[in-house]
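Taking it in order: structure first as structure tokens, then the write-up.
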Amino acid sequence: MKHMLDRPVWSALETRHRAFSEGNERARRYRPSIIPFAATASDDVESLQALTHLLPPGENTILAQADAIALPPELVAVSTADAVQMIAGQPLQPVSDARIERLTRQDADEMLALASLTRPGPFTLEALSLGEFWGVRIDDRLAAMAGERMKQPGYAELSGVCSHPDFRGGGLARLLSLFVASRIAARGEVPYLHAYADNAAAIRLYESIGFRLRSPMHIAVVRRAP
């Protein structure tokens with residue numbers, strides 16, 4: 001039996017994030033101004049064609065799923081990557097640190113600059129629509145941040161974890177990961193996350209705070225041919 005998180009984009013857009021979606025019962029995507037992710041309900045011909053119709057010629061989107069990614073002839077893979085999906089495997093205790101502050105739309109430009117520098121994954125100025133983000137400032141600079149992205153019934157994704165190179169080594173990524181994950185758990189939801197399979201340092205960090213591998217994942221940036 002398939003797990004809800006095997007197609008996390010689809011299950012989010014069909015449920016808790018339906019208000020942010022475009023598409024129909026066969027294929028959906030987040031509004032591009034929010035995050036560039038799309039998904040199909042399955043890999044049947046009708047669903048893959050529905051995905052094609054969602055993308056204007058020349059536009060990219062990102063697919064992420066446990067199954068190998070199938071594409072219709074009209075879509076081409078610009079890049080592919082192996083990833084892992086990790087899930088909290090034990091109770092997480094609340095984390096308190098006076099340095100942590102909630103980030104708002106007034107911080108969006110700084111957040112985008114930090115994400116552009118460190119590349120934790122797709123991030124836009126509208127990412128705050130999907131969930132709370134938290135950060136730590138040092139010398140009036142945004143030194144690190146983490147937040148929430150995709151959400152399904154009973155689950156919420158930890159995402160956007162990054163630290164500025166000038167402040168790495170101080171445990172800020174670990175602190176903020178624990179903080180956000182513990183807030184998700186306090187709501188009665190299960191935190192989960194994604195990391196590239198070759199990012200051993202990140203995987204070790206997440207394992208050290210109680211995450212375990214749930215499933216390998218396939219990632220593809222795809223484009224509709226002009």
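In region 151-172, the residues that are open to solvent by less than 30 Å² (accessible area, probe 1.4 Å) form Cβ pairs under 7 Å with partners that are among the acidic types (Asp, Glu) and assigned to a loop (DSSP other than H, G, I, E, B), at six or more places apart or across chains, as follows: Ala156/Glu189.
Scanning region 16-33 for residues that are more than 15 Å from the chain's Cα centre (by Cα) and open to solvent by less than 60 Å² (accessible area, probe 1.4 Å) gives Ser21, Gly23, Ala27, Arg28.
In the condition set (1) more than 22 Å from Pro94 (Cα to Cα); (2) of a type in the set (Phe, Trp, Tyr); (3) crowded, with 20+ Cβ neighbours inside 10 Å, Phe133 is compliant with all but (1).
When Met111 is tested against (1) at pLDDT 90 or above; (2) open to solvent by 10 Å² or more (accessible area, probe 1.4 Å); (3) not in a strand (DSSP E or B), exactly one condition is not met: (2).
Among the conditions (1) crowded, with 18+ Cβ neighbours inside 10 Å; (2) modelled with pLDDT under 90; (3) among the small types (Gly, Ala, Ser), the only one that Gly89 does not satisfy is (1). When the strands (runs of 3 or more DSSP E) confined to region 121-179 are screened for residues that are in contact with a Cys (Cβ under 8 Å, 6 or more places away or on another chain), those reaching at least 2 such residues are found at 141-152.
Name the residues in region 187-211 that are open to solvent by less than 20 Å² (accessible area, probe 1.4 Å) and assigned to a loop (DSSP other than H, G, I, E, B), would you? Result: Ile209, Gly210.
The residues on offer are Glu132, Glu126, Glu157, Glu110, and the sole one that is of a type in the set (D, E, K, R) and in contact with a Phe, Trp or Tyr (Cβ under 8 Å, 6 or more places away or on another chain) is Glu157.
Checking each residue in region 212-226 for being surrounded by fewer than 17 Cβ atoms within 10 Å (Cβ to Cβ), part of a strand (DSSP E or B) and either in contact with a Phe, Trp or Tyr (Cβ under 6 Å, 6 or more places away or on another chain) or among the aliphatic types (A, V, I, L, M) (or both) picks out Leu213, Val221.
Rundown of residues vs (1) under 26 Å from Gly131 (Cβ atoms); (2) assigned to a helix (DSSP H, G or I), yes/no style:
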{"position": "Lys2", "(1), (2)": "yes, no"}
{"position": "Val9", "(1), (2)": "yes, yes"}
{"position": "Asp43", "(1), (2)": "no, no"}
{"position": "Ala68", "(1), (2)": "no, no"}
{"position": "Val76", "(1), (2)": "no, no"}
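Using the structure shown, decide if Leu193 is modelled with pLDDT of 95 or more and over 30 Å from Ala77 (Cα atoms). In short, no.
Among the conditions (1) of a type outside the set (Val, Ile, Thr); (2) in contact with a strand residue (DSSP E or B) (Cβ under 7 Å, 6 or more places away or on another chain); (3) at pLDDT 95 or above, Gly131 misses just one, which is (3).
Checking the structure you have, find out if any residue of region 131-143 is of a type in the set (A, V, I, L, M) and closer than 26 Å to Val221 by Cβ. Checked region 131-143: no residue is of a type in the set (A, V, I, L, M) and closer than 26 Å to Val221 by Cβ.
When you go through (1) at pLDDT below 95; (2) surrounded by fewer than 16 Cβ atoms within 10 Å (Cβ to Cβ) one by one for Val95, which number turns out not to apply? If we test Val95 against (1) at pLDDT below 95; (2) surrounded by fewer than 16 Cβ atoms within 10 Å (Cβ to Cβ), just (2) comes out false.
The values are calculated or read from the model by the stated rules, or taken from the named source; none is laboratory data. These numbers come from a predicted model, not from an experiment. Positions of Cβ are generated from backbone atoms using ideal geometry, with glycine treated the same way; all protein chains shown enter the neighbour counts. Side chains are part of the model used for accessible areas, which takes the heavy atoms of the whole protein and leaves out ligands, DNA and RNA. Shrake-Rupley method; radii C 1.70, N 1.55, O 1.52, S 1.80 Å.
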